[in-house]
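Here's the structure we're looking at; comments come further down.
Please treat every number below as a calculation from the coordinates, not as lab data. These numbers were taken from a predicted model, which means no experiment stands behind them. As a convention, Cβ positions derive from the backbone with ideal geometry for all residues, glycine included, and neighbour counts pool all protein chains shown.
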């Protein structure tokens with residue numbers, strides 16, 4: 001059986017999901033949260049979740065959307081961001097790209113030190 005209407009595809013990743021598409025996504029999944037498996041009832045707050053997150057290569061299209069309870073959706077989104085951030089850190093380390101860490105004043109890495117009498121002097125003696 002073919003679709004009566006064409007699949008919605010967002011023009012870009014930030015495109016808002018129209019209410020008509022939210023309704024089709026809700027009906028297509030029988031009103032069940034795809035993260036918790038609970039039935040979404042009237043008055044419950046829910047979002048359209050990208051099953052494969054946009055930051056992890058998912059597309060902003062109707063076939064990649066599923067209803068999700070708001071709390072569960074926010075937890076999943078935080079997890080997706082955490083995974084992406086770790087991937088970026090590992091990739092930067094592999095490529096030798098590291099963010100320069102700030103030197104804590106008075107630490108061994110600092111060019112300054114404080115003597116026992118309270119004076120601040122350079123470590124190299126200049």
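Summary of computed values
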| item | result |
| --- | --- |
| Relative contact order %, segment 19-101, counting alpha carbon pairs below 8 Å whose residues are six or more apart | 27 percent |
| For a label point 7 Å along the Cα-to-beta-carbon line of residue 51, residues of segment 63-107 with backbone N under 12 Å | 63-67 |
| When the chain is reduced to its Cα atoms, the Kirkwood hydrodynamic radius in Å | 18.9 Å |
| Highest average packing first - 15-25, 57-67, 83-93, Cβ atoms within 10 Å | 57-67, 15-25, 83-93 |
